[in-house]
Amino acid sequence: MLKTTCLLVLPIAFLFCSCKSSVNVHHPEPLNKNVDTNLIAESHNETDIPLNDYMKEELAPIRANFKRINSIKKWSKVVQKDVYQSSEGGYVCFYYLNDKIEKIVERNFGETGQAISEFYILGGELSFVLKRSYNYNRPIYWDSTQMKESNDTEVFDFEKSEILEDRSYFIKGQMVHAIISGDCGAPFNQEFLDQEGKQIIEHFNELMMLATKQ
């Protein structure tokens, strides 16, 4: 049975970007030291396990590519650029293997949460996007003083964050499947996939353009 729902979409416009660096490590440190130091873990040696048999064969190459890329231990280079589209800033990392971008990781930070979006490339095209969002129990500045002044019972605690996860699958430039946090993996209608896929592809193309800027 087809269904519709709301999918957390990726931001489209960059407000500003700067501060480029090139390193050859797997997990570069954030250039913006003002952001929250509790980072959502990036995928490493993970497998995208099917929830059911829907499009199992069609999605198999995408899942194999996801596993291959996030299992790479040494990259030719990793280029990091700051982006400013949230209250606490963010940054994008471009992972190169033999002068070709294999993966893009974008992080955005705010007072009430953070998100990481991983873009995986197959045959020169976007094939898979994994987005994880953490909604904090309280703003990052909410300490014991704030708690007492507001007659609250909690302080900011990263471990109490609400975790959301979205997975988007693409074949030949078209979004063909999506799994939303807490979803059973049943198919969405194509109109919904087309609409959400268009926004994700547009944002991915902007990231690829950003990679070429000096």
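The values are calculated or read from the model by the stated rules, or taken from the named source; none is laboratory data. Bear in mind the structure is a predicted one, so any value in this text is a computation, not a measurement. When we count neighbours, we look across all protein chains shown, and the Cβ atoms used for this are built from the backbone with ideal geometry, even at glycine.
In contact with a Cys (Cβ under 8 Å, 6 or more places away or on another chain) and among the acidic types (Asp, Glu): is that true of ASP82 in this structure?
On the way: in contact with a Cys (Cβ under 8 Å, 6 or more places away or on another chain): yes; among the acidic types (Asp, Glu): yes.
Yes, satisfied.
Suppose the filter is of a type outside the set (Phe, Trp, Tyr), modelled with pLDDT under 95 and surrounded by fewer than 18 Cβ atoms within 10 Å (Cβ to Cβ); does GLU111 pass it?
Yes, satisfied.
Considering only region 150-193, how many residues are under 22 Å from ILE62 (Cβ atoms) and either touching a Phe, Trp or Tyr at 6+ places or on another chain (Cβ under 9 Å) or among the hydrophobic types (A, V, I, L, M, F, W, C) (or both)? Walk me through it before giving the result.
In the first step, residues of region 150-193 are kept if they are under 22 Å from ILE62 (Cβ atoms); the result is 164-193.
Okay, now just the ones that are also either touching a Phe, Trp or Tyr at 6+ places or on another chain (Cβ under 9 Å) or among the hydrophobic types (A, V, I, L, M, F, W, C) (or both), so 164, 167-171, 175-180, 184-188, 192-193.
Of the residues in that region, 19 qualify.
Check off (1) on the phi > 0 side of the Ramachandran plot; (2) surrounded by 18 or more Cβ atoms within 10 Å (Cβ to Cβ) for GLY173 and give me the number that stays unchecked.
(2)
Taking region 141-164, which residues are exposed (fewer than 15 other Cβ atoms within 10 Å of the Cβ) and touching a Ser or Thr at 6+ places or on another chain (Cβ under 8 Å)?
Scanning region 141-164 gives a single hit, ILE163.
Taking THR4 as meeting all but one of (1) of a type in the set (Ser, Thr, Tyr); (2) at pLDDT below 90; (3) within 24 Å of ILE179 (Cα to Cα); (4) surrounded by 13 or more Cβ atoms within 10 Å (Cβ to Cβ), write down the number of the exception.
Going through the list (1) of a type in the set (Ser, Thr, Tyr); (2) at pLDDT below 90; (3) within 24 Å of ILE179 (Cα to Cα); (4) surrounded by 13 or more Cβ atoms within 10 Å (Cβ to Cβ), THR4 breaks only (4).
Please tell me if PHE119 is buried (at least 19 other Cβ atoms within 10 Å of the Cβ) and at pLDDT 95 or above.
Considered against the rule, which asks whether it is buried (at least 19 other Cβ atoms within 10 Å of the Cβ) and at pLDDT 95 or above, PHE119 comes out as yes.
Here's a check for you: in region 192-214, which residue that is loosely packed, with under 12 Cβ neighbours inside 10 Å and in contact (Cβ under 8 Å) with a residue 60 or more places away in the chain is farthest from ASN65 (Cα to Cα)?
GLN214
Quick check on this structure: which one of SER117, SER150, SER127, SER133 is over 23 Å from the mean Cα position of the chain (by Cα) and of a type in the set (S, T, N, Q)?
Of SER117, SER150, SER127, SER133, the one residue that is over 23 Å from the mean Cα position of the chain (by Cα) and of a type in the set (S, T, N, Q) is SER150.
For residues in region 176-191 being of a type in the set (A, V, I, L, M) and at pLDDT below 95, which is surrounded by the fewest Cβ atoms within 10 Å (Cβ to Cβ)?
Filtering region 176-191 for residues of a type in the set (A, V, I, L, M) gives 176, 178-180, 186.
Of the ones still in play, those that are also at pLDDT below 95 are 178-180, 186.
On the way: ALA178: 21, ILE179: 20, ILE180: 17, ALA186: 12.
So, considering only residues that are of a type in the set (A, V, I, L, M) and at pLDDT below 95, the one surrounded by the fewest Cβ atoms within 10 Å (Cβ to Cβ) is ALA186.
Among the residues of region 24-62, write down those that are of a type in the set (Asp, Glu) and either surrounded by 13 or more Cβ atoms within 10 Å (Cβ to Cβ) or modelled with pLDDT under 95 (or both). Even if it seems obvious, please write down each step before you answer.
To start, the set of residues in region 24-62 that are of a type in the set (Asp, Glu) comprises 29, 36, 42, 46, 48, 53, 57-58.
Selection gives GLU29, ASP36, GLU42, GLU46, ASP48, ASP53.
If I ask for residues that are assigned to a strand (DSSP E or B) and buried (at least 17 other Cβ atoms within 10 Å of the Cβ), which ones from region 80-100 would you list?
Passing the criteria: GLN80, LYS81, ASP82, VAL83, GLY90, TYR91, VAL92, CYS93, PHE94, TYR95, TYR96.
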